[in-house]
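Chemist: Take a look at the following structure, please.
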Amino acid sequence: MTHRIALIPGDGIGIPVTEAAMRVVAASGADVRTETFPWSCDHYLQHGRMMPEDGIETLRGFDAIFLGAVGWPARVPDSVSLHGLLLPIRKAFVQYANIRPHRLLEGVEGPLKTRDFDILCIRENTEGEYSGAGGRVHQGTSEEVAVETSIFTRAGVERILRFGFEQARARRGKLASVTKSNAQRHSMVFWDEVTDELAAEYPDVAVTRYHIDAMCARMVMAPETLDVVVASNLFGDILTDLGAAIQGGLGFAASANIDPTRKNPSMFEPVHGSAPDIADQGIANPMAAFWSAAMMLDHLGQTDPAARIMAALEATTARGIGTHAGRDTTDAITQAVLTHLED
């Protein structure tokens, strides 16, 4: 079955890593047909919008979306680019599960003195601290007030935790639920309560609750004790950047924005951002884009091409290629992966 993929290369290094990822997808034997959309900060500067008014409806007809990166803060504020493209897609297509795998590829040395690092972070992706509820009054005066309200619904919290429990059941049977319920006595206590309720339905999964600060320490000091980590939108964002650093850097940070019901297209993206400081230098590490593409193919049921891509990544990093930021060019890393795919 041919799957239709919407490509949004976006800004900065998103453009070359998307191009490289699609070369790898083609070489893997995947059956896909792609269409590219130039929605980006440049698009915003030209049209006053990050994407057209009918952008969501345009994307709805695709099987999946692949995003390179979005943002160029020197030209367009991040609050505009994020809320104009990425967040609307996540919310419109109910991509409530953000999945980020953290493990060391063969040949990659992280900052910790261990290779026992394999954590799957599940981040709630559509509400919580990024709900966008709030406002500002008396702007520009000494009495200015800014309010940002986190929104947690029972449906939203329960579905992300249930998704996490299912992932833990399929892996090593351990789930860590992350909150800050000692300080946030309404939303985070609520999250803890829902965690306990669902735990009764999954007696085969060992559940531990952590505060966000303690979890940051544990990911560094004892990562081998963790399996699946589930957190709110903000806390998940923080933890996954920490996880990326431990696995060797943002150049290896893949992610999937999933609608587990499969009623809507899911979106896959490397999370390194657009990196304007190295745009057009040809040194962006495309590994995270390749890994994200493999996650996309696996989600679409094209498991053999996905497995071939991951095997090629491991074979490439095992030779020391792409393991150090800026040492190998985007083209050199891509060609090395393509060579392994062609073997």
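Chemist: Nearest 500 deg cm²/dmol is fine: what mean residue ellipticity at 222 nm does the chain get from its DSSP H runs of n ≥ 4 alone, each adding -39,500 (n - 2.57), divided by its residue count? Numbers along the way, then the final one.
Modeler: Values: 12 runs with 133 residues, N = 343.
Rounded to the nearest 500, it is -12000 deg cm²/dmol.
Chemist: For the pair L82 and R169, what calculated FRET efficiency results from E = 1/(1 + (r/R0)^6), where r is the Cβ-Cβ distance and R0 = 30 Å, to the nearest 0.05? Intermediate results must be reported in sequence, preceding the final value.
Modeler: Values: r = 33 Å, r/R0 = 1.10.
E(calc), rounded to 0.05, equals 0.35.
Chemist: What full-extension length gain, to one decimal in nm, is calculated for R327 and Q281 as 0.36 nm per residue of separation minus the Cα-Cα distance? Don't skip to the end; give the middle numbers.
Modeler: Details: separation 46, 0.36 × 46 = 16.56 nm, distance 1.20 nm.
My answer for the length gained is 15.4 nm.
Chemist: Hey, rough spin-label estimate for A133 and Q184, points 7 angstrom out along Cα→Cβ, what's it come to in nanometres?
Modeler: Distance between the two pseudo-spin positions: 1.3 nm.
Chemist: Over segment 1-141, what is the percentage of antiparallel beta bridges among all DSSP beta bridges, to the nearest 5? Could the numbers behind the result be given before it?
Modeler: Details: 8 of 18 bridges.
Within segment 1-141, antiparallel bridges account for around 45 percent of the total.
Chemist: Report the semi-axes of the equivalent ellipsoid for segment 168-263 in whole Å, largest first, where each axis is √(5λ) for an eigenvalue λ of the Cα gyration tensor.
Modeler: 21, 18, 15
Chemist: Still on this model: State the dimensionless ratio Rg/Rh of segment 86-130 (Rg: radius of gyration of Cα atoms; Rh: Kirkwood radius). Can you show the working numbers first?
Modeler: Working: Rg = 14.9 Å, Rh = 12.7 Å.
The Rg/Rh ratio comes out at 1.17.
Chemist: In the neighborhood of T334, defined by Cβ-to-Cβ distances under 13 Å, what is the net charge if each Lys or Arg adds +1 and each Asp or Glu adds -1? Could the numbers behind the result be given before it?
Modeler: Values: positive: R23; negative: E19, D328, D331, E342.
Surrounding charge for T334 is -3.
Chemist: Now for a different question. Would you compute, for the Cα atoms of the chain, the largest minus smallest coordinate along each principal axis and list the three values in descending order, in whole Å?
Modeler: Over the chain, Cα extents along the principal axes are 55, 49, 40 Å.
Chemist: Of the candidates V137, V24, V228, which one comes out as most mobile in a Gaussian network treatment of the chain with C-alpha springs shorter than 10 Å?
Modeler: V137
Chemist: Among bridges DSSP assigns within the chain, what percent are antiparallel (round to 5)? Could you put the intermediate results ahead of the total?
Modeler: Values: 21 of 48 bridges.
The antiparallel proportion sits near 45 percent.
Chemist: Just need the relative contact order of the chain here, percent rounded to a whole number, with Cα pairs under 8 Å and 6+ apart.
Modeler: Values: 702 pairs, mean separation 83.5, N = 343.
Relative contact order comes out at 24 percent.
Chemist: Ok, one more. Loop only by DSSP, 15 or fewer other Cβ within 10 Å of the Cβ. Give me the GluC sites (Glu not before Pro) in segment 71-157 that pass, ordered by residue number. Intermediate results must be reported in sequence, preceding the final value.
Modeler: Numbers: sites: E106, E109, E124, E127, E129, E143, E144, E148; in loops: E106, E109, E127, E143, E144.
The qualifying sites are E106, E109, E143, E144.
Chemist: Per residue and in Å³, how big is the convex hull formed by the alpha-carbon atoms of segment 111-246? The partial results should precede the final answer.
Modeler: On the way: hull volume 16.8 nm³, N = 136.
Looking at segment 111-246, the number lands at 123 Å³ per residue.
Chemist: Modelled label-to-label distance, D192 and R319, 7 Å Cα→beta-carbon offset: nm?
Modeler: Label-label distance for D192 and R319, simple model: 5.2 nm.
Chemist: Let me ask something else. How far apart, in nm, are two points set 7 Å out from the Cα along the Cα-to-Cβ line at R262 and at E148?
Modeler: With each label point 7 Å from Cα toward Cβ, the separation is 3.7 nm.
Chemist: Gain in length, T114 to V220, computed as 0.36 nm per residue apart minus the alpha-carbon separation, to one decimal in nm?
Modeler: Working: separation 106, 0.36 × 106 = 38.16 nm, distance 1.02 nm.
Gain on extension, T114 to V220, equals 37.1 nm.
Chemist: Could you list K174, K113 in order of exposure, starting from the residue whose Cβ has the fewest other Cβ atoms within 10 Å?
Modeler: With the sparsest Cβ surroundings first, the list reads K113, K174.
Chemist: What does the net charge come to around V157 if you take all other residues with beta carbon closer than 11 Å to its beta carbon, with K and R at +1 and D and E at -1? Let's see the in-between values first.
Modeler: On the way: positive: R154, R159, R162; negative: E124, E127, E158, D192, E193, E197.
Result for the local shell: -3.
Chemist: Which of the GluC sites (Glu not before Pro) found in segment 178-234 are in a DSSP loop and have at most 16 neighbouring Cβ atoms, other than their own, within 10 Å? List each step's numbers first, then the result.
Modeler: Numbers: sites: E193, E197, E201, E224; in loops: E201.
Qualifying residues, ordered by number: E201.
Every read-out reported here was derived from the displayed coordinates using simple, explicitly stated rules and does not represent laboratory data. As the structure is a computational prediction, the values presented were derived from the model and not from experiment. All Cβ positions, glycine included, derive from the backbone under ideal geometry; neighbour counts span all protein chains shown.
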